[in-house]
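The values are calculated or read from the model by the stated rules, or taken from the named source; none is laboratory data. Note that the structure is predicted; figures quoted are calculated from it, not measured. With ideal geometry, Cβ positions are generated from the backbone for all residues, glycine too; neighbour counts draw on all protein chains shown.
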């Protein structure tokens, strides 16, 4: 699980760098920050979910209901962060969505490569 988190962090940084390069000199900083924020909007709740899941496994309290509730809380936190971001930063929407989708696709590719 922690390898996937490290891969997600690396992908966030890579997408932010690419967004900054593609945006050009005038919009490089807002684009890079937006890509970082979009990736972080998924990465941070995912990190907390993984830590909570590890704790549940360590204390032998892991169950399907707890997993589903944790996943629902994670997705709610992602939506709340995405709604709150425009109030914090000047959002470059294509870069933000690219950062968000890139992090979400890391999970998909990790599952595909594992099986």
From 73, 91, 103, residue being within 26 Å of residue 14 (Cβ to Cβ), touching a residue at least 12 places away in the same chain (Cβ under 8 Å) and either under 12 Å from the mean Cα position of the chain (by Cα) or part of a helix (DSSP H, G or I) (or both)
103
Selection status of residue 78, within 17 Å of residue 100 (Cα to Cα) and either surrounded by 15 or more Cβ atoms within 10 Å (Cβ to Cβ) or under 16 Å from the mean Cα position of the chain (by Cα) (or both):
yes
Only unsatisfied item for residue 95, checking (1) surrounded by fewer than 19 Cβ atoms within 10 Å (Cβ to Cβ); (2) over 17 Å from residue 4 (Cβ atoms), is (1)
Picking from 15, 50, the residue that is surrounded by 13 or more Cβ atoms within 10 Å (Cβ to Cβ), part of a helix (DSSP H, G or I), at pLDDT below 95 and at negative phi would be 50
Among the residues in the stretch 54-68, are any in a helix (DSSP H, G or I), at pLDDT below 90 and within 18 Å of the chain's Cα centre (by Cα)?
no
Is it true that residue 20 is surrounded by 13 or more Cβ atoms within 10 Å (Cβ to Cβ), more than 15 Å from the chain's Cα centre (by Cα), without any contact (Cβ under 8 Å) to a residue 24 or more places away in the chain and within 22 Å of residue 2 (Cβ to Cβ)?
no
